[in-house]
Every structure is written in C-alpha cells, then in structure tokens.
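Report on the structure given below.
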Amino acid sequence: MSEPNSFDQPLGLAGWLTRGFITSPLTPLVILAALAMGLIALVSLPREEEPQISVPLVDIHIRASGLRAEDAVQLVTEPMENIVKAIDDVEHVYSQTRDDAAMVTARFEVGTSADTAILRVHEKVRANMDRIPVGIPEPLIVGRGINDVAIVTLTLSGKPGHEVSSYDLSRIARALRGELTKIENVGLTYLTGEAQEAIRVAPDPEKLALYGVTLQQLAGKVGAANRAFSTGRVRDAGQQIDLVAGQTLTDPAEIAGLLLTTRDGRPVYVGDVADIEFVPDMSAQYATNVTRTEGGELHRAPAVTLALAKRAGANAVVVAEEILHKVHSLEGELIPETVALSVTRDYGETANEKANELLFHLGLATISIIGLVWLSIGWRESIVVAVVIPMTILLTLFAAWIMGYTLNRVSLFALIFSIGILVDDAIVVIENIARHWQLDRAKNKVTAAIEAVAEVGNPTIVATLTVVAALLPMLFVSGLMGPYMSPIPANASAAMIFSFFVAVMVTPWLMVKVAGKQTAGHHEEGEGGLGRLYRRVATPILATKTRSWIFLLVTIVLSFGSLGLLYTKDVTVKLLPFDNKSELSVVVDLPEGSSVEATDTAVQRVAHVAMDLPEVIETQTHAGTAAPFNFNGLVRHYFDRRGQTVADIQVN
C-alpha cells in the first residue's frame, strides 16, 4: 500500500496534511500524545459549579465621629464619591451613610484585576485626602471578589437533649477554624453567629456619688490599667531581659482590685463602685439551627457557622474534600459528642455532581453518534469515530486548561453543544474515503484516501471557519454575561479547529488501518438501508408537483407554528437548564424600631413554615446579623447587613 507520487487533482491544505500523516509512523504517537494531554487536563482542570467571574468590589469605610447622616453625606460621602468616580475602569459607585460612619463602594468593570483595583483606590484616596474634612481619619479600604464566597459552611449546634451555649460553640468554632486554615488552598474564613465575650463593668450611680468618683475617672482608670508596653532591656551576666510594664486585664477580680482613690483615709477600689462580671455573649444577635428530631418535633438550638472560601485558581472539589476529611477526623476530639456538625454548604460536592453528570451526557452523546455511524455507514467506520471524538474532546479540554478555564457546567455545555458539529468533519472524510474506495477498487487505497480528503478539504475548511466565525463574537459580550458565557465560544471554537485537523490527519490513517481491507456494506450494495428508506419516503412526495407543494406548505406551517409555543410560553426559552440548588436564602427586613427579639420571632415562624416542606432538611436563622453570603450576596453586600431589624434564613 505504498503511496504514489502523482495525484489526479490538487491536494490543497487538507490533502497535504493527509499525505504527510496517512503513512507516517508518528501518527499513532500523535494519537497517544493527544489522549495523554487530554487525560492530564481532565484530571488537572479545577472543577467548579459556575465560571469564575472577576467582579472587583472595593469598599471604603469612613469613620465620621460626631456627624449626623445628613452632614456626613455632604462633608464625607459626596467628596469621596467624586474621588472614586475618577478612577479608571470604575463602572458603578454606591454609598451608604449613617450617623458617625459612611461607606463608599467602587464596582470595577468585569475582568479587572482585583489587586489592580485595590491599588488604584488606595492611590487615588490617599492623593485626595485634602478634600476630606480635617479630623476624619484615613479610610479603611477593603477589596471584595468572587474568591471571598465560601465553598463550604459548617454549622455547629447542640444535639437534642444537650444545651450548648453560643460561647462554647464559638470556642469550638475558633479552634476548628485554626485547624482548617492549615489546609492548602483554603482562603478567607469567617464566623457567623459568633459570641462576643467580654468583662462588663456596670457602675452604680449611688456608690459613685458616695465616694465622689466620676464616670470619666472610672473609665480612665480601667482603660489605663488594661495595657502593657515595653520599657526597655536589661543586660546582666551575659543575658538580656526584655522589661514590660503593666498587663492586660483578663479576670473580673483583677478589675475589681484596681485602686481608684481614697476616701476618709480608706482606699476605694473599682469593685466598690461597680459590679464586674464576665459576660459570655455581648452581641445583640441570635443565630440558631432548626432541625427535626427522630420523633418529628422541631429542635431549635444556638448555632455558630464557620464559612471557608478557597484561593483563586484552586480546585473547589479537592479543597472541599480535604476540609470535610479534616473535620471528620476531628469529631470526638476537638468537636465533642454533645455538638452536632452540619455541612450546610458544599459547593465542591455540587460542582463535582454537575461535572460528572455533564460528562456522562457527553459520553452518552458520543456513544449515540458512534451507534448512528455504525447503522448508517458501517461498524469499521464507527470504530474510527469512536477514536476521533474522544480525541477531539480531550484536546479541547487541554486547550481549556491552557486558556485558564475551569470544568464547570458552562464549559461542559459548550462541549455537548459542539459534539454534533465537530463530528461532521470526520464523517464527511470517512464517507468520502469509503466512496472513493468503492468507485475504483483497483486504485491504491492510500492514494484514493488522499484524493478523497483533498476533494472535500476546502469545503470542510470553509464550514469549520464559518462555525468558528459564528461563535467567536460571543467572546466580546460585555458585562457579567461576557466572562460567564466565554467558555462556550472559546471551547466550541477550539473543538471545531481540532476536529478539522483530527479529521484530515488522524481519520485517514485510522480508515486505512481499520477499514482498509473491507469497505462498508452499503457501498457494496450501491444503496444502504437509510438510502432505501429515504427513497421510499421521498418518491411519493416528489412524484407530482401538487404533492411537493403540499409538503412544502405543511413544513412551513409547522415550522412557524412551533414558534407560537414561545409566545404562549408552553416552551420556556433559557440558554442553560434550571440549576438544582441545595440551598436558598430568605432575606427579612422588619420595620424600623423593631427589636432584635421581634426579628428573631418573625424568622422562627418562617423557619417553621419551611420545615413543614418534605424537601427541607434544616434551616439556620440569623437575626441581627447576616448569614454566609453567596455570589449574589457578594454583589449586593449582604455581608454588611447588621442591626436589630435585619435577618437571614438559610434553607437546606
């Protein structure tokens, strides 16, 4: 099966590529290398639920002590807004102003580097501090981004029959956070519902008057005593000792024993004029976990939630698995038997489930195409397709890895979307090679295969470029949808380009090796089963002009009639399928002036209604504070929701 040097027609690009690879010993190595690179990419690609969108948000917190909200707007907020608006790539500026404080948020254009955004805000604000009134301290600048969204949240609460306080839960959660932050690629961590313990000094007005002590004296004495500072070093006998004066106060007895003054020759201590006690929780908030016991009764217990995010570029599935493995190893040791731990959010598990489901559908689509080729062309040709499609898909995954994309439902949707198109090039080449072999059985099969590819090469190139040209404009969509949908044009275009090169370089080699000795059966018979079926259906329709016009009109009516289903909304138009989320958030705002107890009562009623649904496993309520935020909460700044009238309910 040696290849002759002359051909009946110009080869073109496709023909020259086929000529170079159809008998080359490097072709099987190319196949193996492509499969190896694709499998490496499949294992290495970070798996995420959604595409990562860079939407840098920079918060500027300004303390304006002594200014009412109306004055702070004019003196602080508006000048800061004007400063921020002048920064490059700032798309929107938001502000919140209240008594004694203001916050200005700069939202940058999608795709802007988070580090660049924070640096620009720092430089611009510091360069224009003279436009802020004297006495206003330097603002606190905090950057926010997609990587601040927690991928795992762990809720600690007391088991039924065991009362565990918020203070004890907070101590356990802090220790647990210290252990989990040691895991590689764990990013931002924070606690919600955390108890804020303190030592409270409650002055007695009568005793203050009796001993002639003012509140200022009392506060000044406690504040001055609660400090420690270095006073120097002492060197003696070859040793160096650091000297520290004072100490921080850690016990109510230490505060009670502080000397305030003397009265009638008798010392007056802080304990003589005030009640000092340790308060395990000073926060004006309620965080609870509502579950159902084995008996079917609702169980409400104080709760503390630990939220953990991942670092940029890390694999959410791997990080989440490592976190949960570490947590399970600490149960019974750091986490006592009386404390229940619930995984209330696991984006790693959901991302892995969706990726595996889409990969399954991708494999199902591949098998369907292979089966169709088997029925329509032949089983040998179906073997060629069985190699070509996985090879093209794996090369596309490798390209996605190189381009920095992740394995998410949008990128996999792009592969499923393009699999029906990318197989066209291979099928056209396979069919034409088989046809050429049947036209001239005496002709050298390698020569016939090269001429067959050259014959359809230019149309195949044009068809491939046409599909790429139709998809690429999606890369230039602006706003949030641009980077969200960018995996579709990038991956689908890469798949089309790879499909062309695989079709003209690998497919002819496979055809010679697999189907070179015997061609497909339907070519031998002159017309296959599908051809006979088509002839049987088309002949009566095309027999007369009247039947042809009737068929055409029926086709037009059905085509345009199907569009009416969109108008009647019997068919819902949606680019991606509805997402099956395992959690939802309910945001509650009570009228101004409501107490935090009233807010907690309201959200408990909502939680009880939610628990009546059979799909709901548990709910977490947060009154006076915010629940762990998701991407929507990041953009809407739900993490800044604090106060006695606000609440969140997390339903799982």
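Decide, for segment 236-348, between rounded, prolate and oblate: order the square roots of the alpha carbon gyration tensor eigenvalues as a ≥ b ≥ c, take rounded if a/c falls under 1.5, and otherwise choose prolate if a/b is larger than b/c, else oblate.
On the way: a/c = 3.44, a/b = 1.68, b/c = 2.04.
Oblate is the answer for segment 236-348, as a/c is 1.5 or above yet b/c matches or exceeds a/b.
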Q.
Using each residue's phi in segment 194-207, evaluate 6.51 cos²θ - 1.76 cosθ + 1.60 at θ = phi - 60° and report the 3J(HN,Hα) Karplus result to the nearest Hz, with x for Gly and Pro.
A. 5, 6, 10, 6, 7, 9, 9, 10, 9, x, 9, x, 5, 5
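Which net charge results for the neighbourhood of TYR167, defined as the other residues with beta-carbon distances under 15 angstrom from its beta-carbon, given Lys and Arg at +1 and Asp and Glu at -1? List each step's numbers first, then the result.
Details: positive: ARG171, ARG174, ARG200; negative: GLU163, ASP168, GLU194, GLU197, GLU277, ASP281.
Neighbour charge sum, excluding TYR167 itself: -3.
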Q: Report, by chain and number, residues whose modeled amide H sits under 5 Å from the one on ILE617, excluding near sequence neighbours (fewer than 5 apart, same chain).
A: ASN652
Q.
Helix 347-376 against the longest principal axis of the chain: what's the angle in degrees, Cα atoms only, rounded to the nearest 10?
A. 10 degrees
Q: Could you order peptides 137-145, 452-460 by the average number of other Cβ atoms within 10 Å of their residues, highest first?
A: 452-460, 137-145
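Given a cut-off of under 8 Å on Cα pairs at least six residues apart, what relative contact order in percent is computed for segment 58-140? Please list the in-between numbers first.
Numbers: 131 pairs, mean separation 34.5, N = 83.
Reported as a whole number, the value is 42 percent.
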Q: Please work out the Cα center distance from segment 300-359 to segment 98-154, rounded to the nearest Å.
A: 30 Å
Q: Set the Förster radius R0 to 60 Å, insert the Cβ-Cβ distance between ARG171 and TRP16 as r into 1/(1 + (r/R0)^6), and round the FRET efficiency to 0.05.
A: 0.25
Q. When the solvent-accessible surface of protein heavy atoms is calculated with a 1.4 angstrom probe, in what order do GLU583, GLU333, GLU48 fall, highest first?
A. GLU333, GLU583, GLU48
**Q.** Under the Karplus curve 6.51 cos²θ - 1.76 cosθ + 1.60, θ = phi - 60°, whole-Hz ³J(HN,Hα) for segment 466-475, x wherever Gly or Pro sits
**A.** 5, 5, 4, 5, 6, 8, 4, x, 5, 5
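Using a Förster radius of 22 Å, what is the FRET efficiency between GLN196 and ALA256 based on their Cβ-Cβ separation? Nearest 0.05, please.
Details: r = 22 Å, r/R0 = 0.99.
Efficiency, rounded to the nearest 0.05: 0.50.
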Q | Those lysines that a straight Cα-Cα span of less than 25 Å connects to LYS443, excepting residues fewer than 8 apart in one chain | A | LYS513, LYS517
Q | Unsatisfied cross-links (Cα-Cα over 19 Å) in the set LYS182/LYS581; LYS182/LYS326; LYS182/LYS310; LYS159/LYS581; LYS354/LYS581 | A | LYS182/LYS581; LYS159/LYS581
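Could you tell me the relative contact order of segment 274-373? Use alpha-carbon pairs under 8 Å, at least six residues apart, and round to a whole percent. Let's see the in-between values first.
Numbers: 42 pairs, mean separation 17.9, N = 100.
Computed value for segment 274-373: 18 percent relative contact order.
Per 0.36 nm of contour for each residue apart, how much would the distance between HIS92 and ALA219 grow if the chain were fully extended, relative to their Cα-Cα spacing? Please list the in-between numbers first.
Numbers: separation 127, 0.36 × 127 = 45.72 nm, distance 4.39 nm.
The HIS92-ALA219 span can extend by a further 41.3 nm.
What does the accessible area per residue of the chain come to in Å², with a 1.4 Å probe and no ligands, DNA or RNA counted?
Values: 34070 Å² over 652 residues.
That works out to 52 Å² for each residue.
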Q | Cα gyration tensor shape for segment 380-478, rounded if a/c is under 1.5, else prolate or oblate | A | prolate
Q. For segment 455-509 and segment 585-652, what is the separation of their Cα centres, given in Å?
A. 46 Å
Q. For helix 409-439, what angle does its Cα long axis make with the longest principal axis of the chain, in degrees from 0 to 90 and rounded to 10?
A. 10 degrees
Q. Once both axes come from the Cα atoms, what is the angle between helix 316-330 and the longest principal axis of the chain, in degrees from 0 to 90, rounded to 10?
A. 50 degrees
Q. So between HIS325 and VAL616, what do we pick up on full extension, going 0.36 nm a residue minus the alpha carbon distance?
A. 102.3 nm
Q | Read-out semi-axes √(5λ) of the Cα gyration tensor in Å, derived from the coordinates shown; its label in [x] 42, 38, 33; [y] 69, 28, 26; [z] 49, 30, 21 | A | [y]
**Q.** Placed amide H near HIS299: partners under 5 Å, 5+ positions off or other chain
**A.** THR291, ARG292, THR293
Q: With the full set of protein chains in place, find how many percent of the accessible area of the chain is carbon and sulfur; take the probe as 1.4 Å.
A: 58 percent
**Q.** Options GLY15, ALA36, ALA114, ranked by Cα towards positive dipole end of the chain, top entry (Cβ charges)
**A.** GLY15
Q. What full-extension length gain, to one decimal in nm, is calculated for LEU372 and ASN632 as 0.36 nm per residue of separation minus the Cα-Cα distance?
A. 89.2 nm
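Report the calculated FRET efficiency for SER478 and ILE550 (r = Cβ-Cβ distance, R0 = 51 Å), to the nearest 0.05.
Details: r = 48 Å, r/R0 = 0.94.
The pair SER478/ILE550 has a calculated efficiency of 0.60.
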Q. What distance in nm separates the simple spin-label points at ARG126 and GLU333, each placed 7 Å from Cα in the Cβ direction?
A. 4.4 nm
Q) If contacts are Cα pairs under 8 angstrom and at least 6 residues apart, what is the relative contact order of segment 172-251 in percent? A) 19 percent
**Q.** Calculated from backbone phi, Karplus (6.51, -1.76, 1.60) coupling profile of segment 249-256 in Hz, x at Gly/Pro
**A.** 8, 10, 9, x, 5, 5, 5, 4
Q. Modelled label-to-label distance, LEU188 and LEU584, 7 Å Cα→beta-carbon offset: nm?
A. 2.6 nm
Q: Counting other Cβ atoms within 10 Å, keep those with at most 12, restrict to DSSP loop, and tell me which GluC sites (Glu not before Pro) in segment 177-222 are left.
A: GLU184
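The values are calculated or read from the model by the stated rules, or taken from the named source; none is laboratory data. Given the structure is predicted, the values throughout are model-derived calculations rather than measurements. Here the Cβ is made from the backbone with ideal geometry for all residues, glycine too, and neighbour counts use every protein chain on show. Note: accessible area is taken over every heavy atom of the protein model, side chains too, but ligands, DNA and RNA are not part of it. Shrake-Rupley method; radii C 1.70, N 1.55, O 1.52, S 1.80 Å.
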